[in-house]
Structures are given as structure tokens and as C-alpha cells.
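Take a look at the structure set out below.
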Amino acid sequence: MLHPAQEPDPDASANDASGVYAPIESIADHSISAYWEAHEEVRNSIRGGMDSRAATEASLEYLVSCDPLTGFLNRAGFLTELRNIFMEGPRKEATIGILIVDVDYFSAINDCLGIAAGDETLTVVAQRLRSTVRPAAMIARVSGDEFAVVDEFVNEEDAFWTANELMAALSFPMCAGGSTIENTVSIGIAMARGSDTPECLLGRAAAAMHQAKRSGRNRFEMESLSDAGQVDVRFKRRSELRRAIEDGELRLFYQPQIDLASGQMNGFEALVRWDHPERGLLDPSAFIDFAEESGLILPLGAWVINAAVAQQAQWHRLSAGRPPVRMSVNISAIQLNDPRLEELVTEALDRHYVAPEFLTLEVTETALTEDPVSALKTLEVLNALGIRLAIDDFGTGHSSLTYLKRFPIDELKIDRSFIAGLTTDSKDRAIVVSCIQLAHATNLIAVAEGVETPDQLHALTGLGCDLAQGYFYTRPMSAEDLEPWFVPRPDTVCLDWQELVDQ
Ligand code: C2E
Ligand code: MG
Ligand code: MG
């Protein structure tokens, strides 16, 4: 092992507000430590008074590459130094490895205790990171609550050892905003290989960290070997998807939702497709997960919201005299935690003159439970705007019934896996009955997804379910295919779904 066991002293570091990181006691003779030497030099010259021009240049460089809160490198500085480390290469028989350390549920600290407490937490995390890893390791704050540690490791176990030490040091209670808090972290590890670039290595470590989050947090994950060769592919896929969003390759399909009491169309759910130039029309299962992992879900989701609302307005114009069309749009957990969501939705509604009550945003239970404090805040804001909210795929996530009480939800969409067994499996039937009763008892509209057979439809009508959608009525259709339905005809005030399908 390269690392001597270091006993972190969390309390000492938590109270040490003076230094941005612990003093460097010994600097090993290799590239990573060279960074710290240079870094210290700049800091000392600024402190010690060099001639004013040199000092200004040094402090400018410092500002551009460093994070003022922790004193660590910021993302830009980190990437520059990582490239230098790659150029010099590791010592013989050692491998460069990256650990991406992300504080679990960090936004809850900001939300509950305030931004100052969040900053305090990050400072303590930074101090503990510094005092836990080898002095020669490079540490950076690469984004809000995400840190990167770069060091040389003799093998994977060596990196695991460091990850374990970090988890132990960071889970120690700490003081922030006058409260004692206990944090956990999720860590992703990647080890450099022959033809690696710094960007690839960083990408793999970030992917491993996301895997650790998905596996339940408070753990570390080593990059999966199958990921290694895929990083290039992922970079390509990312630029391909970005281009698709920017160049108009995304399409929306719409699936009608039927009011079971009247048999009339109640509205539509917008479902995104990618009209790929080579692979044809792709379902969301082919790209939504990737969009979430790569961060592209934000521009993609923004496009979907705007396009769905624009279509709503267009249909409304075509069907003058009829009530406005209701539209449901799926949003992912990342969008729900995006502070710009409210502005984005409001802008789309204003731009197309659509009233908020005709738009429903669908979120899954999992999205609600990922960061409930932040989700509640966002949903309250959206609810105050008058936008309707639905829990999608109900029954498949980690549901907590408290959420139904606390969250301003309007609809509960029963997952199609239960509807599939409604007429053949007594347990599925019991679940569907309970979901409908639960929805009505909490003043929510019950929506059945994935209705495929007349038996299912009859059973749902008998159980008092409010709305239904599924292949029994129609598969999701393009706007052009649905358009004839919206052209006003003198003989009809409103149509039922069968007329739509027959047209
Ligand atoms: P979802 O929101 O639960 O949408 C319903 C899915 O069930 C749709 O699949 C729809 O085509 C399918 N479906 C509808 N009726 C039936 C049926 O009778 N039988 C069966 N077997 N399936 C039926 P799709 O369009 O492939 O979408 C899958 C998921 O992708 C959606 O599930 C939603 O979670 C996600 N998604 C779709 N569009 C978007 C989007 O714009 N943004 C985000 N974040 N997610 C989206
Ligand atoms: Mg949905
Ligand atoms: Mg669903």
C-alpha cells in the first residue's frame, strides 16, 4: 500500500476555520506533488508580498483556477492540472486514479439550514478530505458538492482503501449552521489505462459515482470494466444527442387520456421520440436514461415542455369553441431539482398563451424521494402557479404515503404493470382497488395507465377509476395524425375516442 493509515481527526478539522487545507508536511517527488508546490508558492508569494504586477498576475491565476470557498482547484484548474499529471505519467508500478466524492442529499442542507450552513459543510468536508488523503494527492472541487481526489495507487484495492477512509472521515458528525449533521458520501473510482485521456478518466469516475448513487448512496463503486471502452462511445452519444436537441430531431407523440365516466377525451400525455437519422424513430427507453446521466435531460426537458405547450396552443386554435386541450408532460428528477424549472414552464405558458391549469407535470415516485425537501419546494411553487401535478408509475417506486399528504399532487397514475394483471391476478386487482380508493380518499384523480383490453376497461369503470390511457384506445400518435380531430365540425361539440381512432 502506498498509504500509511492516517487517523482523521474530524473534530479538529471541523473547528479549524483558519486554514483552507491542512499544511503539507511531506511532498513526494512526482507530478501530483509538483502541483502543490506551485500552488503553495503562489499562495506564499501573494501573502509574502511580491512586486505588484507579478502579485496581480499570480492572484488572477489563482482566482481563475481555484475555488474560493475551499481553496482547492476548481473544475477548470483541475482539468489543467490533470492534463499535466497525465503528461508526466505516474511513478513506476503505480496508476493514476480518480475518486469523485459527492455529498449525499447536500441540497437538503442548503434548503433546511441555509446556504451559509451549506458552505460551512463544504468547508469541513474539504478539510477532512485534505487530512485524510496523502499530502501529495491533488484535490479539487469540481462542482457544487462534488470533489475529485487524484492520486497514484498501486492497485484497485489501494484506491478502495482510500475510498473507505474518506467515507469514514466524512460520515463523522459535523457542525454546520448551529446544528450537528451527519453526512454520507457516494464515491466513484476510475483508474487510468494505456490510452486514456484525462477527460475519459474523469467521465468514468463520474459514471461510477452516479452508479453509487443509484445503488443507494453511502457507498463507493469502482468503474465497471465494460464502461472503459464505452467512454468514447458515450462522448459520441452525448454530442449526437445534443445535436438532436439543437437540430430538431426530437418529436412528440401524444396519447389520449379518456374520461371513463363520459367516454370523452380528457387530454393527452406528451411522449418524446428521437427521429434518429440512421436508427429511425427511437423510444424514450433508448435515450432518456442517457440524457439524465449526461445532464442533457435539462435542454431535452426544456424542449419537451415548450413543444408540448406550443402544440396545445395550436390545437386550441384549431378547435375554437371547445375547451382548451389538457396536456401532461413527463419531467425527470433532475428537472424537478433544477431551479430554472419554474421560469421555464412559466415562459412556455406565457409564450403560447396557455393557462397553467391545462398543463400537468408528471413526476415519478422515485423522483420525489430522491430529494424530497427540494421536490416539495419545487412542487409547491408549481402548484402556486396553478399547474397540475401527477405522480407517475404509482406503486413502482419507494412510495411513502406521507408524500400524498404533504405534496400538492392532483393525480395518481397507477402503473401499467398492475393494470396488466387487473383481471387475471387477484393481488394486482387488490393493488389497483387500493390505489383508486387511496386517490379518492386523498382527493386525487385516479388514472390507469396501459389499458389494453375491454375487460380491463370495464373493471376500471366499475371500480370508479377516473381516467384511462392505453393501447386499447390508441398508441401514442403524432400531432399530424391527431390533427383532423381538432378541426371544428359543425355537427359535433365533442367527440369520443372511437371517432378519433376511426378517422
Ligand atoms: P410513462 O410516462 O409512464 O408513459 C407511458 C408509457 O407507456 C409510454 O411509453 C407509452 O407509450 C406506454 N404505453 C401506453 N399505453 C400502453 C399500453 O397499453 N401498453 C403498454 N405496454 N405500454 C403502453 P413510452 O412513450 O415508451 O415512454 C416510456 C417512458 O419514458 C415514459 O413512461 C416516461 O417515463 C418516459 N418519457 C417519455 N417522454 C418523456 C419526456 O419527455 N421526458 C421525460 N423525462 N421522460 C419521458
Ligand atoms: Mg408519464
Ligand atoms: Mg407511467
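The values are calculated or read from the model by the stated rules, or taken from the named source; none is laboratory data. Please read these numbers as outputs of a predicted model, since none were measured by experiment. All Cβ positions, even for glycine, are placed from backbone atoms using ideal geometry, and neighbour counts span all protein chains on display. Side chains are part of the model used for accessible areas, which takes the heavy atoms of the whole protein and leaves out ligands, DNA and RNA. Shrake-Rupley method; radii C 1.70, N 1.55, O 1.52, S 1.80 Å.
On the given criteria, is Ala126 at pLDDT below 95 and either assigned to a strand (DSSP E or B) or open to solvent by less than 20 Å² (accessible area, probe 1.4 Å) (or both)? Judged against the criteria, Ala126 is not a match.
Of the candidates Asp102, Asp145, Asp119, the single residue that is open to solvent by 10 Å² or more (accessible area, probe 1.4 Å), over 27 Å from Ser224 (Cα atoms) and assigned by TED's automatic domain parsing to the domain that holds Ala206 is Asp119.
Filtering the range 402-454 to residues that are touching a helix residue (DSSP H, G or I) at 6+ places or on another chain (Cβ under 7 Å), of a type in the set (D, E, K, R) and within 16 Å of ligand 1 (Cβ to nearest atom) leaves Asp428, Glu449. The strands (runs of 3 or more DSSP E) found entirely in the range 371-459 that carry 2 or more residues being among the small types (Gly, Ala, Ser) are 445-448. Here Ala384 meets each of (1) within 16 Å of ligand 3 (Cβ to nearest atom); (2) surrounded by fewer than 16 Cβ atoms within 10 Å (Cβ to Cβ); (3) hydrophobic (A, V, I, L, M, F, W, C) with one exception, condition (1). Only helices (runs of 4 or more DSSP H) whose full extent lies in the range 177-294 are considered here, and the ones with at least 2 residues that are open to solvent by less than 10 Å² (accessible area, probe 1.4 Å) are 198-214, 230-246. In the range 319-343, the residues that are on the phi > 0 side of the Ramachandran plot form Cβ pairs under 7 Å with partners that are part of a loop (DSSP other than H, G, I, E, B) and more than 16 Å from ligand 3 (Cβ to nearest atom), at six or more places apart or across chains, as follows: Gly321/Pro488.
Among the residues here, Ile334 does not qualify as within 16 Å of ligand 3 (Cβ to nearest atom) and touching a helix residue (DSSP H, G or I) at 6+ places or on another chain (Cβ under 7 Å). Restricting Thr360, Thr396, Thr378 to those that are open to solvent by less than 50 Å² (accessible area, probe 1.4 Å) and either away from ligand 3 (no atom under 16 Å from the Cβ) or farther than 15 Å from Leu444 by Cβ (or both) reduces the list to Thr378. Consider the range 436-449 and keep the residues that are open to solvent by less than 10 Å² (accessible area, probe 1.4 Å) and more than 16 Å from Arg388 (Cβ to Cβ). The one that is nearest to the chain's Cα centre (by Cα) is Ala448. Considering the range 411-438, and only residues there that are charged (D, E, K, R) and touching a Gly at 6+ places or on another chain (Cβ under 8 Å), the residue that is nearest to Asp393 (Cα to Cα) turns out to be Asp415.
If you go through the range 399-435 and keep only what is of a type in the set (S, T, N, Q), surrounded by fewer than 15 Cβ atoms within 10 Å (Cβ to Cβ) and over 29 Å from the mean Cα position of the chain (by Cα), you end up with Thr424, Ser426, Ser434. The listed residues are Val373, Val304, and the only one of them that is at pLDDT below 95 and β-branched (Val, Ile, Thr) turns out to be Val373.
So is Ser328 crowded, with 16+ Cβ neighbours inside 10 Å, in contact with a Gly (Cβ under 9 Å, 6 or more places away or on another chain) and farther than 19 Å from Gly248 by Cβ or not? For Ser328, the condition - crowded, with 16+ Cβ neighbours inside 10 Å, in contact with a Gly (Cβ under 9 Å, 6 or more places away or on another chain) and farther than 19 Å from Gly248 by Cβ - is met.
Within the bounds of the range 377-388, is there any residue that is of a type in the set (Ser, Thr, Tyr), away from ligand 2 (no atom under 16 Å from the Cβ) and touching a residue at least 12 places away in the same chain (Cβ under 8 Å)? Looking for residues that are of a type in the set (Ser, Thr, Tyr), away from ligand 2 (no atom under 16 Å from the Cβ) and touching a residue at least 12 places away in the same chain (Cβ under 8 Å), one finds at least one in the range 377-388, hence yes. Please verify whether the range 483-496 includes one or more residues that are at pLDDT below 80 and under 26 Å from Asp393 (Cα atoms). Yes, some residue in the range 483-496 is at pLDDT below 80 and under 26 Å from Asp393 (Cα atoms). If you filter the range 300-336 down to residues that are under 20 Å from Ser374 (Cα atoms) and assigned to a helix (DSSP H, G or I), you find that the one that is farthest from the chain's Cα centre (by Cα) is Ala302. Within the range 406-429, the residues that satisfy the criterion of being away from ligand 2 (no atom under 16 Å from the Cβ) and in contact with a Leu (Cβ under 9 Å, 6 or more places away or on another chain) are Arg406, Phe407, Pro408, Leu422, Asp428, Arg429. Going through the range 335-357 one residue at a time, which ones are of a type outside the set (Ser, Thr, Tyr), within 24 Å of His316 (Cα to Cα) and either outside the structural domain of Asn306 (by TED's automatic domain parsing) or loosely packed, with under 15 Cβ neighbours inside 10 Å (or both)? Residues satisfying the conditions are Glu343, Asp350, Arg351, Ala355, Glu357. Looking for whichever is in the same structural domain as Ile391 (by TED's automatic domain parsing), out of contact with any His (no Cβ under 9 Å at 6 or more places or on another chain) and more than 13 Å from ligand 1 (Cβ to nearest atom) here; the options are Arg322, Arg273, Arg317. Which one fits? That would be Arg317, the only listed residue that is in the same structural domain as Ile391 (by TED's automatic domain parsing), out of contact with any His (no Cβ under 9 Å at 6 or more places or on another chain) and more than 13 Å from ligand 1 (Cβ to nearest atom).
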